[in-house]
Every structure is written in structure tokens, then in C-alpha cells.
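Please read the structure below before turning to the comments.
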Amino acid sequence: MNIKKILPQLLTLLVVILVFGFFSYNAQINMENRGITFGYGFLSQESSFDVQFSLIEYDGSHSYFRAYLVGLLNTILVSVIGIIFATIIGVVVGIARLSNNYLIERTAAIYVEFFRNIPLLLQIFFWYFAALRALPLPQDTEPMFGVFFLTIKGFFVPAFVWNNLDIFIYSIIAAIISIIFIRIYAKRKQENEGIQTPVLSISIGLLLILPVLSFLFGGVDASIEVPVIKQLSQSGFTYEGGIKLPPELISLALALSLYTATFIAECVRAGVQGVSKGQKEAAASIGLTPNQVLKLVVMPQALRIIIPPTTNQYLNLTKNSSLAAAIAYPDLVLVFAGTALMQTGRAIEIVSITMLTYLSLSISISVFMNWYNKKIAIKEK
Amino acid sequence: MFKYLKQLTSLVAMVAVLFTFTTETMAAKKSKTLKNTQKKGFVRCGVSQGLPGFSNADAAGNWTGVDVDVCRAVAAAVLGDANKVKFTPLSAKERFTALTSNEIDILSRNTTWTLSRDADIGLTFVGVNFYDGQGFMVRKNSGISSVNDFKAGVSACTNLGTTTELNMRDFFNSKGIQYEPVTFEKADEVVAAYDAGRCDTYTTDKSGLAAQRIKLSNPDDHIVLPETISKEPLGPVVRQGDSVWEDIVRWSLNTMIEAEEYGVTSANADSMKTSDNPAVKRLVGAEGELGAALGLDNEWSLRIIKQVGNYGESYKRNIADTGILPDRGPNELWTKGGILYVPPAR
């Protein structure tokens, strides 16, 4: 081994170790000097604060760790809703931008330019306070279809009250498993005998029939609980029962999806335009309809261009959801890096956990999208 | 080979110097904060993002308020000029980190003194400059006249990361009322959301309610309920571990309160040097060597009174005359039926 090659490596390693050592040593000394202790024991302590909206059962008598889970689940919830809507809007707008219809093309272009050039925080404030100003008080609201109530205090929707919910879920799982087997069988049959099986109608049929059977014979029973107005004071009202979606969730999801959709729309446009014209002409010349050209020829090729930059947009959306704290949506940053940090004063521990959590969320999205990207990539045969 | 060895030695030497430098300054016995403040020429003070009466900036960027006056008093004592203060507006969430990480030297930001904050997170509370308590604001037309009128399902807007969140839970739990907490990072958003009707009640310290009420679109449509659900002694905070600096801030505040007790004001402070009362003479630095004990000159307290005024003047200027809380309530001197009582300066 050449010492001239090894020594610089060793030096680099030494410098890295020394720099890290210096910072952690300094932090330790400073924390000791100021009487700050370090440890993660606080996570099991009682949190003693409440959160307005939670997917799991939680109140102040639970631990800080549970409060962390509440925040994490709320972050995941708003990110998933945001990603779904951003994708739908983005694809529609992206394709609209390629339309031959002048009006549609211009409308889509204006939407993209308008929403992607205004800072996101401003848009979140706009949707939140616009919603608060525009929505009616609980007592003034007109029900939609008699059961949905959109008010300033939230969107109140009916809830299902289940008996033997587990049997219902088993019936759906059973349906999905049988569909997978049928698909494998159908594929084999087509390869061996060249006969196509109507997989789609069989699948839909199974998904309908099995749950219905569980209602008829499995003792499953669902009733609908409609929100009912409740008077709190002479001028204050709210709704009770059903499910409540807070206005913070609605406006945050709206702002995130409208903002991110503009970028996804541009990815989609780039992807479709990236497919060479000859492909479309060749497809048309063998007699495919315009819809078939899009579905069978253009989209499979465009997706390969669309997926990688869209992954970035999904990651951005997830990270941007941390702006929730500004409008009181109890996400990870508000609940854990906000209230919990304040009540415990454990800045280093909580910030490090929060950073690691966002890192893991982002990496999970990346891994999934990379897997999908690989799946649709060109498979050389 | 030798070339690298030389580089390595110099690197090790450099790191060694860095380490000795840090350990040496840590061990310095004198007040580091005082020395740094005198070197910089201004006091670094953390305040709120705008709470009328306590710490609020006008259009020209001039800060006023009783919390602001504590920092001004320290600047007058340490630097001789009450205007040599650099104010840093902080959210409730940022405030303690800013102090412990050396961004500011005094946190004077309507902060409640509690055991866990004092003991746990590297902070030291030096006194109380406002005795407060948490209350509720509601709409007049709701007909609610007492906290006992709240019903299950009530939604309450408040600030994130405050003792308010904890008191609110204790209160509603003790009444067995299920409630919806809506917590915002900044006070302006709390006010806007409550004003729009998102919440049935707005809860925070009563002084805060009185101050924020002015920002509502129709202040007269809202009332603050009479009950107080918690003790909120608000006061300035310093970093743990610098007892000299801690003493300077504590006694700057105490000087303002004691000056009111002895009737020393910004107008008559100079003439009080010849007072017959030895306590008054000590207070304005005409007798004794009290400044030296703090590492300051003997005129330090006189400058505080002359430039900032006594506590009563500060309260009147910032809280009473602005119509926020004309009645001093518990924040009256102990000699006049309040609970303001400070140890004697001697």
C-alpha cells in the first residue's frame, strides 16, 4: 500500500472526527454549564396538553410519545390527502395545457403561473382566513344533501357506526386475495390458450358480493350517524356526532395541493411532450383512436419522464406540510416540535427526533417512488 | 512523509488551542454577560412580537411597555443609557432557546414563572414585574357571564407553547367539559381566528386579553369573564450560571418598585439625594456602596429612576393610560393593598 494514498484518507477521517468531537464536546460543556440535562426519558411522561384533532385516541393524560404519534399521523394524513389531490389536479391541468382548445390551454397556463409564483405560506393564510371569513356559522349553514354541514368550525360529515366491523374487513381482504388468484389464473390461461377472461367484471363483482354477504349472514351492521346541531350559548353553536374535519385541515390540504399541482402539471406536460411525435403518428397510422394513443403509447413512455421530478414534488409537499403550525393544524411540528418542546424544554432531543422523522418519511416516499419508477422503466428483452 | 507529519502537528496544535480557549472562558469567574454587554455597548433583550402595554413596537420601531422598561432599566444601570437596547421579537416557542443559546441576555416577554421552567431548562427567573392570571374572553351576545356557563363542545383559541394550554386542560377537566383547543403560533392569528368566529372563547393571561381586545374588529362586542383560573406571575428571565448578571437584572427591577414605594420619581430623583430618609439616599446612591457589589458604579440606580422612572410611572405610561388595565389590582404596592413587595436595597 502506498502511504501517500492512505495518509490523506486518514487525515480526512481525523478532521471529521475532531470536528464532530469538538461540537459535541462544546454542546455538552455548554449544556452542563447551564444545568441542562440530556435524555429521552421525558417521552414516557404525561404530556398534560390536549390536541384539537387526532386520528388516535389521545388526551393530556397520555405520554409525550403518544403526542408525537398524534402529530406524525396528522402530518401523514395531510400529506396523503395533498399528494392525491395534487396528482389529480396536476395531471388534469398538465394535459389541459397540451389541449388544442385555446381557452382550456390558456386557463391551465394562467392557473400554473399564478399559483406557483406566490409563496406557499401566503397561500395557506389566504385559504385559511378566506375560508374562515366565507364559511357560515354553525347555526346559519345550509346542509348539503341533508347530512353534510360545512361551517366555520369545520366540515361535519356523517359517520358509520359499525357492528362486527372486523368481519366486514375480513370479507374485503378475502375478496382481494381471490382477485389476485383469479388474475394469476387469467394471465396463465391467456398465455397458454390465448383466451381472455373478463377479469375486471369478476373483480368488481367479488368486491361487491363478499361484503354484501357479510351484511346478510355475517352479522355486520352499519348505521349512519348524522351530525346534530348543539347550542353552546345564546349565540354559540356546534355540531355533535359524525366526523368533524377541522377547517385547518381543509385549508392546508387545499393550499398544498393547489400549489404542488402546478409543478406536477409542468412535469406531466414535459413528459408528454418528451414522447417523440413519430410515436404518436405511428400509433395513429395503425388505427388507434386518440384515447388509445394516449393510454397505450404516449403515457407509458411519458411516465418514465414524469415520475422522477414528481417524486421531488411529493417530497416537497410532505416537508411543506410543516407550515401547518401557522394555522393551528396539529401536525408534527405544532404538536411535538411546538407544544411538547415548549413544555419540556428539551430542544436538542425533540428537534433531532423531528428531523429524523421527516427524513424517514421522505426516504420512504423516495423508496416507493423509485420502486415504481423501476417497474415502469423500459425492460429490455 | 515529513510534510504530512508537519501538517498533522499543526492541525493537532490548532485543535488543542481551540479546546483550551473554550475551557478557559468557561472557567472565567467574573460575569461574562456583563463583560460582553459592556463591550458590545447594548443590552440584548428578547421581547414579544407585539403585546400592547408589555412590549410593542410603534411604526417607527420604538419599543414601549412594562417588559421593555425592565431591559431599559438594565441598560441604564449597566451602560448609562436606557436607549442602548437591542430588542429581538420572539414567539412563545422560540423564547427559551434564544436565551439559552446566547442570542439574547434578558428575556422580558410576559413569561410565567414556573418550577419546571426555573429548574429544568437552564433558566433563572429573577422576579415578577406583573402578577397575572388566565382568563376567558367571549362574545357579549353569547350570554355567557361566567366560566360555569361553558358547555361541552366549546372551542377555545389560544397561543401555542404557553402555560395557557396546560391551565386550559386542567380547568376544563376539573369541570368535566370536553373542549376543542385551537392553538396558533402567533397572537395575531389567534385574534383573527377568534374574531372570525372559529372559536367560542379566547383564553390567555388577562392582561393579554385586555391588550389583544383592542385589535378585534368590534372590541365592544366582547367581554372578559370575571374568573381567573390560574396564577401567572410574569417576570424577566436570564440564563442559568451567571449569578452576577442575574443580580443586576433582579435589582434593576427591584429598584423600580422600591422607588415607587419611597415616592422617588424620574422628576424628583436628583433632589432625593439630600433626603432625610437613609433608605431613600441608599436608593439613589447617595449613601453606601451598593453599586460596587454588583460590579457597577454608585449612580446605577439613580440612572434607572431618572431615565426609565419608577414602577408606578412605567405602569401608568404603558398599561393604565393606554386603557388596557386602568385598575392595578394585585400589581399595586403592598402598602396600598396590592402584592408588590421587594426586598430592601441595603
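A few points about this structure:
- Filtered residues of the range B:218-266 (kept if of a type in the set (F, W, Y) and not in a loop (DSSP other than H, G, I, E, B)): B:W245, B:W251
- Among the residues of the range B:133-148, the ones that are at the interface with chain A (Cβ under 8 Å from one of its Cβ atoms) and either polar (S, T, N, Q) or surrounded by 13 or more Cβ atoms within 10 Å (Cβ to Cβ) (or both) come to 5 in all.
- For beta carbons closer than 8 Å, sequence separation of 6+ or different chains, a first residue in the range A:42-60 that is hydrophobic (A, V, I, L, M, F, W, C) and a second that is in a loop (DSSP other than H, G, I, E, B) and modelled with pLDDT under 90, the qualifying pairs are A:F42/A:R346; A:F49/A:G60.
- Within the range A:46-57, the set of residues being in a loop (DSSP other than H, G, I, E, B), within 12 Å of chain B (Cβ to nearest Cβ) and not hydrophobic (A, V, I, L, M, F, W, C) comprises A:S47, A:S48, A:D50, A:Q52, A:S54.
- Enumeration of residues in the range A:103-149 that are outside any helix (DSSP H, G or I), free of Cβ contacts under 8 Å to residues at least 24 places away in the same chain and within 14 Å of chain B (Cβ to nearest Cβ): A:P136, A:T141
- With respect to (1) in a helix (DSSP H, G or I); (2) outside the structural domain of A:I306 (by TED's automatic domain parsing), the lone exception for A:T37 is condition (1).
- Yes/no for B:D327 being of a type in the set (D, E, K, R) and surrounded by fewer than 19 Cβ atoms within 10 Å (Cβ to Cβ): yes
- All of B:L99, B:L51 fail the test of being modelled with pLDDT under 95, of a type outside the set (S, T, N, Q) and touching a helix residue (DSSP H, G or I) at 6+ places or on another chain (Cβ under 7 Å), apart from B:L51.
- Members of the range B:311-322 found to be more than 18 Å from the chain's Cα centre (by Cα) and in contact (Cβ under 8 Å) with a residue 60 or more places away in the chain, listed by number: B:T322
- Residues within the range A:242-279 that are touching a residue at least 24 places away in the same chain (Cβ under 8 Å) and under 17 Å from A:I305 (Cα atoms), tallied: 15
- Search result, residues across the range B:99-112 that are more than 10 Å from chain A (Cβ to nearest Cβ) and buried (at least 20 other Cβ atoms within 10 Å of the Cβ): B:I104, B:D105, B:I106, B:L107, B:S108, B:R109, B:N110, B:T111, B:T112
- Filtering the range B:177-225 to residues that are among the β-branched types (V, I, T) and either in contact (Cβ under 8 Å) with a residue 60 or more places away in the chain or more than 10 Å from every other protein chain (Cβ to nearest Cβ) (or both) leaves B:I177, B:V191, B:T201, B:T203, B:T204, B:I214, B:I223, B:V224.
- For A:N33, the conditions (1) closer than 29 Å to A:S321 by Cβ; (2) within 8 Å of chain B (Cβ to nearest Cβ) are fulfilled apart from (1).
- Meets criteria (within 14 Å of chain A (Cβ to nearest Cβ), modelled with pLDDT of 90 or more and in a helix (DSSP H, G or I)) for B:A77: no
- A:K295 being at pLDDT below 90 and either away from chain B (no Cβ under 14 Å) or more than 30 Å from A:K153 (Cβ to Cβ) (or both): yes
- Residues (without any contact (Cβ under 8 Å) to a residue 24 or more places away in the chain and either at the interface with chain B (Cβ under 7 Å from one of its Cβ atoms) or under 39 Å from the mean Cα position of the chain (by Cα) (or both)) located in the range A:16-30: A:V16, A:I17, A:L18, A:V19, A:F20, A:G21, A:F22, A:F23, A:S24, A:N26, A:Q28, A:I29
- Flag for B:R282 being basic (K, R), surrounded by 23 or more Cβ atoms within 10 Å (Cβ to Cβ), in a helix (DSSP H, G or I) and out of contact with any Phe, Trp or Tyr (no Cβ under 8 Å at 6 or more places or on another chain): no
- Evaluation of A:N312 against (1) within 26 Å of the chain's Cα centre (by Cα); (2) without any contact (Cβ under 8 Å) to a residue 60 or more places away in the chain; (3) surrounded by fewer than 16 Cβ atoms within 10 Å (Cβ to Cβ); (4) farther than 30 Å from A:I327 by Cβ (one fails), failing number: (4)
- Cβ separations smaller than 6 Å between residues 6+ apart or across chains give the following pairs from the range A:337-350 residues that are at the interface with chain B (Cβ under 8 Å from one of its Cβ atoms) to residues that are of a type in the set (G, A, S) and outside any helix (DSSP H, G or I): A:G338/B:G161; A:T339/B:G161; A:M342/B:G161.
The values are calculated or read from the model by the stated rules, or taken from the named source; none is laboratory data. For clarity, every value in this text was computed on a predicted model and none was experimentally measured. Here the Cβ is made from the backbone with ideal geometry for all residues, glycine too, and neighbour counts use every protein chain on show.
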